[in-house]
Each structure stands twice: as C-alpha cells, then as structure tokens.
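Structure first, commentary second.
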Amino acid sequence: MAMLPIKGVHIVRSKGRDYVYAWRGGPRLVSEPGTEAFVQELAELRKGRVDGDKSKLRFLIRSYKASDDWKGLADKSRANWTPFIDKIDKRFGDLSILAFDRPLIRVSIRKWRDEMKHTPRQADMALQVLSRILSFGVAEGRLQNNACSGIPRIYSSNRADIIWLADDIDALSKVASREVMWAVRLAALTGLRKSDVLKLSWNHVLAHSIEVRTGKSGERKTAIVPIYGELRALLNEIPRRNGTSIAATTILVNTEGLPWKTGFNASFIRAKNKAGIDKHFHDLRGTAATRMFLAGLTVREISEIFTWSEDQVERLINVYVKKDELLKDRIRRIDQASRAS
C-alpha cells in the first residue's frame, strides 16, 4: 500500500501488508489511507492524545470535571459553567500547566477577559470559572498559585445592598396573585433563595425551624431558619394540601394548586413591572437579613442562616441599619444641644 508520508504517522510492514499507526506505539488506524474517514480518524486519535497529556491545562480541566468539586455543584451551575469551560479549553487548553505559575500568564488572562468586556457579566463569569479550575489545580498540588487572584472584575453591581421595603411589598400585593405573594413574603421572612423557597415542602417545617438543603451548595449545606411569630403566621395562612385532594406536595403552589415547576418568573416579573418596582426576587434576602438583625440576631448568626460571608451581611447591615442608627443618634445629640442652649 503506497501513501504519502504524514508527519508522526508510523507505518509497519508485516507479511506483505502495511499497518498504519497514529504514532509510534499508538493505536492502529482502520480507515483506508487517503480517504476522508482516515483523516477524521487520525484527527480524533491525535486529539485524544493531546487531551491525555498531563502537562497541559486541558488535562487539568478534564480532571476538574471528573472531580467531586464539579459534581458537587448544583445542576444549574454546571449548565451555566460548561460553555465557559469550553472557552477556556479552546483558549488555554494547549498551554502547559506550569505556564500558569508564571507572572506573565496574568497578562494573557486579562487580555482574554477584556475581549469579552462588551458583556461584562459574561467576562467576569469566564474569569470566575477559570479561577475555580486553577484553584482546583492548587489543591491538587499541580500549581503553586491561582493566577486569577487579584484580577479585578469588570461588572460592578450593588444589588447585595438592595432590599425590598415594606412599601414595595405592599405595592406588589395590590397587583400580584396571592400565590405569588406567598412566595415573596416567604422569601422576605426566611432569606431563602427563590429555588429553595419554591421547593419547600411541609416536611421541611419542623417544630421550631425550617430546615432545607440549599440548591446553591449542591445540597451540601442546610439552611436552618428559626420560625418566629410573623413567619409562623404566614405558614398558618398558607393552606396545607395533601395528596388525596391535590397533587402538590410543596408549600407554595400556582393558581391551579400545583407546584411552581414553570411560570413563576413570568408571573412575578409581570406583577413587579406593573407595580413599578425595579428590584429582583433575590433582593428579598437582604430584607430578611435586615429584619433578623433588627430582631437582635448577630451578624454571625445571620451569615450561618443565609450561608453568606460575614462581610456580606456586615456590609448590608451598615447600609440599611447602622446608617440610620448613626443618623438618629446625631439628630438626638443636635436636638439635645439645641434644647440646652
């Protein structure tokens, strides 16, 4: 069999026949040389060889996706991160892992991030995913440092410092269905994320607390929310349902009495737009944190309930609670000085 020489391809002649291998010591190709099938087969085999090179970042990426760290993420997080992992693989996969311990790699990373700056949140997400992969490499002993550390994000948002006020909730209640309002009020009283609020069942409601494994943590962490008076009153207001009278097992249901598998976002957004409210459902967590702080819970206790960092809770409290306390104290002192004069 005659064929044009291809770099790297190894040919062995035995008993009058030529056997073609993808590389010396590599797998044998079964397709006819010179055909399109042969080219595709060779490309696939060589791609697999590159992927198996443990010195390349691509190998670290594959290892991360096979790790417990990746499997421990929520399904939604994995779905959101996968396109960014593909981008990272395409851009940096062929580079040596050791290159990411050299200072100059930070220049390449920033340049890559800046190519996406027209969509800043996407650019920051890409950087976040790369940082997670490199952190995995550090934990595995393959890297000394995370080259993404210290690289600033492009998108800036102060949504962590936004809360729903009582007037907002009252305005929404005038245009939203009671089913949507149950969800809003439950989130404002518990601080649970939307996905966790909607999946709550009566089995999560114990004598003194609501206990549920959080989806954001891949159900590794359990939120334990104390049932105080106002929260207990809301739970008593929401009708309990059972399997004999209705199909729902969740606390919250739609207008048809079924779990909110779809349709909640559209109903909520339509209602808040009609009420003229420019806030997100997620901002209800800040409302709950503020309420709990005013009730006497410490920053540490609130952070444990919310699975937030203490810094996040402290920042929100400084903006919405302590600022008012300071102003009231200053007003009091000015008034005292005025009366004294």
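The values are calculated or read from the model by the stated rules, or taken from the named source; none is laboratory data. Computed from a predicted model, the values in this text were never measured in an experiment. Cβ sites come from the backbone with ideal geometry, for glycine too, and all protein chains shown count toward neighbours. Side chains are part of the model used for accessible areas, which takes the heavy atoms of the whole protein and leaves out ligands, DNA and RNA. Shrake-Rupley method; radii C 1.70, N 1.55, O 1.52, S 1.80 Å.
When restricted to residues that are open to solvent by less than 50 Å² (accessible area, probe 1.4 Å), at pLDDT 90 or above and in a loop (DSSP other than H, G, I, E, B), region 126-163 contains 4. Every condition in (1) modelled with pLDDT of 90 or more; (2) aliphatic (A, V, I, L, M); (3) farther than 30 Å from Ile238 by Cα holds for Leu200 except the one numbered (3). Is it fair to say Asp283 is at pLDDT 85 or above and outside any loop (DSSP other than H, G, I, E, B)? So Asp283 fits the description; yes. Among the helices (runs of 4 or more DSSP H) confined to region 45-125, the ones with at least 1 residues that are among the small types (Gly, Ala, Ser) and open to solvent by 30 Å² or more (accessible area, probe 1.4 Å) are located at 57-65, 75-92, 105-114. Within region 77-96, the set of residues being more than 24 Å from Ser195 (Cα to Cα) and among the charged types (D, E, K, R) comprises Asp86, Lys87, Asp89, Lys90, Arg91, Asp94. With respect to (1) touching a helix residue (DSSP H, G or I) at 6+ places or on another chain (Cβ under 9 Å); (2) assigned to a loop (DSSP other than H, G, I, E, B); (3) loosely packed, with under 12 Cβ neighbours inside 10 Å, the lone exception for Asn254 is condition (3).
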